[in-house]
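Written out below as C-alpha cells is the structure these notes cover.
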Amino acid sequence: MKKYLIAHDLGTSSNKASLFSTEGKLIKSHTEPYDVHFFNKNCAEQNPGDWWNAVCAATRKIVEDIDPADVLGISFSSQMQACVVVDREGKALRPAMIWADLRAQSQARQLEERIGFDRMYEINGHRVSASYSLEKLMWIRDNEPETYEKTYKMLLAKDYIICRLTGEFVTDYSEASGTDAFDLRNARWSKEILKAAGIEREKLPRLHASTDAIGVLKKESAEALGLKQTTKVICGGGDGACSALGAGSIENGQMFLSFGTSAWIAGTSDEVFLDKDKTLICFGHVIPGKYMPCGTMQAAGSSYSYIRHTFCKEEEQLAKETGESVYEAMNRLVLDSRRGRLRK
C-alpha cells in the first residue's frame, strides 16, 4: 500500500500544497490564494487565519482520493521575516506583519545604534533592517504595548501553522536566521542582540533543525485537514533555504538563481559566509550544519505585476478574450520594443 507525504509552501500570495509518494513522485497539487493588505505606504499585513484556512482547504483537496491514514508526514516552507505574535493558546493577537512591512524604521535605527552595523553582521549574518522579525516585534512593543504584554511567543508564518497543528511553539534554524535575532555560528538566539533590542528571550520560540519531527496532529487539527492524528508534523524551513534544497544546491559551492515575488542568487556553504563589503547575507540552511549565503532584491515578480496592473489594461482585456496569459502578451511587447530586440 502506498504511503504519502504532504508539503505546503506558504507564499506571499497563496498556499501551494503538494502530495508526494514516499518514492518522491508528485501525485497531486493545489493552490489556495489569500490577500495581502498594504497601507500607509510601508505597511504590509496578512491575516494568519487566512493562512490556516488555505492550508486546511488545500490539504483536504489533495487527499480526497486517498486514505488519509496513509499520509505519514506533513511539512512546510514559508515566506520569511514575518512577525506573528500569539498568546499561550497560540491565538494570533493581531494581523501578521510580513517581510514587505517596513514600518519599523525607528526601531531599526535604535538597534543599529546600540549594537553597531558591523557587530550585527558578524553575529547574525544580516544587516539591521525594518524588514526583519525582531525589529517588527520592537515596533509592536513600542506602539502596541498591550498587545506586546499579552504576547507569549513571536512566530514565523509556517510556525504559526505548526502551532495550530501540534500546540508547539517552535521554529527552525533557517527561519530563525531571518529574524535578526539569531547567533548564526552557534545556532541559538543571541543574548547580545536581544539585550540591545530590549526583547525578552522568553518571547521567542524553541529552536529545531528543519528535519525534526515536532509532534503529531491534534484531534481538532486532524479533522480540519481531513487527516489522521498519526500524521507527523516536520519543522520545515524558510522558502529561501527550501529553494536551495529544491534547486539541488546541497553541497559546498553549489549556486542557484531564484525568481518569484522577490529574487535572489544563493548557494550552499559548509561555513558561515560573510563578505568584507557586507553586501551578501547568510541564512541557516535546511540541511543541518550548512549555510546559505545570498544576494537578494526585494522586488522582482512584484514589479512585473505592478507594470501589468498599471500599464497593460489592453493586454489584460485581450488575455481575457483569448485565454492567453497576459504575461505572454507583455513579453511580446518587450521583444518587439527597440531595446528589447536581441542583437546578433
Handout entry: Near pairs, Cβ below 7 angstrom, 6+ apart or cross-chain, from the range 89-104 (within 20 Å of Asp142 (Cβ to Cβ)) to any residue that is of a type in the set (Phe, Trp, Tyr)
Key = Ala92/Tyr160; Arg103/Trp139; Ala104/Trp139
Practice task
Please indicate, with yes or no, whether at least one residue in the range 59-67 is modelled with pLDDT of 95 or more, within 19 Å of Thr166 (Cα to Cα), out of contact with any Leu (no Cβ under 6 Å at 6 or more places or on another chain) and among the acidic types (Asp, Glu).
Solution key: no
Practice task
For the range 1-55, enumerate the residues that are β-branched (Val, Ile, Thr) and either under 20 Å from Ala92 (Cα atoms) or crowded, with 18+ Cβ neighbours inside 10 Å (or both).
Solution key: Ile6, Thr12, Val36, Val55
Exercise for the section: Sort through Ser75, Ser133, Ser129 and tell me the only one that's within 30 Å of Leu19 (Cα to Cα), in contact (Cβ under 8 Å) with a residue 12 or more places away in the chain and not β-branched (Val, Ile, Thr). Expected result: Ser75
Practice task
With the condition kept exactly as written, say whether any residue in the range 162-173 is basic (Lys, Arg), closer than 20 Å to Lys91 by Cβ and in contact with a strand residue (DSSP E or B) (Cβ under 8 Å, 6 or more places away or on another chain).
Solution key: no
Fill in the blank from the handout: Within the range 171-226, the residues that are over 19 Å from the mean Cα position of the chain (by Cα), part of a loop (DSSP other than H, G, I, E, B) and over 21 Å from Phe273 (Cα atoms) are Gly198, Ile199, Glu200, Leu217, Lys218, Gly226
Exercise for the section: Have a look at Asp118, Asp159 and point out the one that is crowded, with 18+ Cβ neighbours inside 10 Å, out of contact with any Gly (no Cβ under 8 Å at 6 or more places or on another chain) and either charged (D, E, K, R) or not in a helix (DSSP H, G or I) (or both). Expected result: Asp159
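The values are calculated or read from the model by the stated rules, or taken from the named source; none is laboratory data. Note that the coordinates shown come from a computational prediction; the quantities given were computed from them, not determined experimentally. Cβ coordinates were reconstructed from backbone atoms using ideal geometry, including for glycine residues, and neighbour counts include every protein chain displayed.
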